[in-house]
Amino acid sequence: MAGDARRRTPNLKGTKVGSGGRGRQALEGKGPTPKAEDRTYHQAHKRKQAAERLAAKRGGSTGGGTGGGQRPSPRKKAATEDLVTGRNAVLEALRARIPATTLYVASRMEVDDRTREVLSIAHKRDIPVLEVMRPELDRLTGGDLLHQGIALTVKPYEYAHPMDLLHRGHPPLVVALDGVTDPRNLGAIIRSVAAFGGSGVVLPQRRSVGVTPAAWRASAGAIARVPVAMASNLAQTITAYKKAGVFVIGLDGGGDVELPALELSDRPLLVVAGSEGQGLSRLVGELCDQIVSIPIGAATESLNASVATSIALYAIATTRASAE
């Protein structure tokens, strides 16, 4: 019709119809390159996963165990992983074949014989080895600057039952800690127990440190060889030990007997050490068969738990060796 302003599409034979934008995506590519930590095959992704596991570990809680009566299954920590730091501690953990998941090594760290053995064991056991920058290792270890450039994630520490320690050693020599909260003291005591032929260490569930990375390092890896038990009630455990024929001695500066005069070293013994400030608690002190003191100079007020325990263990080991 004349004057019609509408445009009409000519019917051209063979004309190609457009896609209407449907092919535009083909020209846009696959998008930006994913971050290294988001690529599952990349080392950064593995480091991120390991960091997340460590963060979950720190959020877990530590728990207790059992007293001397009933015998449920050994108590495990609620955390998903533990962290062992320091070259000696890591090496001892690997030598003891403690289940490990990842070995962290600081970039450009100084390599010595211990580090070479650590790496050799890790490769033989197919433990992933991740090289990280030192600041990242500082962060993974929670600001622990004494990690010596190496850290190992292991499965949670499995505490023994207190009564099981009496089956180790002839006669058994067990150390119980009453109110010791410093992991360095715990590690040093465990190291002394290993050095002087002790059977193990008993920790109370409350008012006590547990097996921590600091304790691992202070023990120089001796935790891998010395069992640690946790009791829900230390007084009940001491009572159960006494019923089993164990003689219980408590270490205290005001003791009835001085250590050199102790004549019971050849018997099954439980040595109880208290905290440096408060000593033995009242109930624990009353349960001890004998309170033993270590003679020291008047200028020294007291000995800390690890030193006092080490001296007592040395005296007992010397007496036993002489008797044999």
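Only the coordinates and a few stated rules stand behind these numbers; no lab work does. Everything numeric here is computed off the predicted structure, so don't read it as measured data. Ideal geometry is used to build each Cβ from the backbone, glycine not excepted, and the neighbour counts take in all protein chains shown.
In table form, for the structure just shown:
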| quantity | calculated |
| --- | --- |
| Among 281-291, 105-115, the order from most to least packed when residues are scored by Cβ within 10 Å on average | 281-291, 105-115 |
| Footprinting exposure proxy for 98, 150 (fewest neighbouring C-beta atoms within 10 Å first) | 98, 150 |
| Virtual spin-label span in nm between residue 155 and residue 95, 7 Å along Cα→Cβ | 2.2 nm |
| Residues listed by number, the stretch 213-255, amide nitrogen under 19 Å from residue 124 label point at 7 Å toward C-beta | 224-225 |
| Amide proton proximity set for residue 229, modelled H, under 5 Å, gap of 5+ | 160, 201, 202, 203 |
| Proxy reagent accessibility, fewest Cβ within 10 Å first, across 147, 167 | 167, 147 |
| Rounded, prolate or oblate (a/c below 1.5 giving rounded, otherwise prolate when a/b exceeds b/c) for the stretch 162-323 by Cα gyration tensor | rounded |
| Derived scalar couplings ³J(HN,Hα) [the stretch 207-222; Karplus, 6.51 cos²θ - 1.76 cosθ + 1.60; whole Hz; x for Gly, Pro] | 6, 8, 6, x, 6, 10, x, 5, 5, 4, 5, 5, 7, 6, x, 5 |
| Relative contact order computed over the stretch 162-323 (Cα-Cα under 8 Å; 6+ residues apart), in percent | 27 percent |
| About the Cα centre, charge dipole magnitude for the stretch 162-323 (Lys/Arg +1, Asp/Glu -1 at Cβ), debye | 600 debye |
| Vicinal HN-Hα couplings computed from phi for the stretch 233-239 (Karplus, 6.51 cos²θ - 1.76 cosθ + 1.60; Hz; Gly/Pro x) | 9, 5, 4, 5, 5, 4, 4 |
| Label point distance in nm, residue 318-residue 113, each placed 7 Å from Cα along Cα→Cβ | 3.0 nm |
| Distance (nanometres) between label positions extended 7 Å along Cα→Cβ at residue 136 and residue 266 | 6.0 nm |
| Rounded to whole Hz, the Karplus (6.51, -1.76, 1.60) HN-Hα couplings of the stretch 279-289, x for glycine and proline | x, 6, 5, 4, 5, 5, x, 5, 7, 5, 6 |
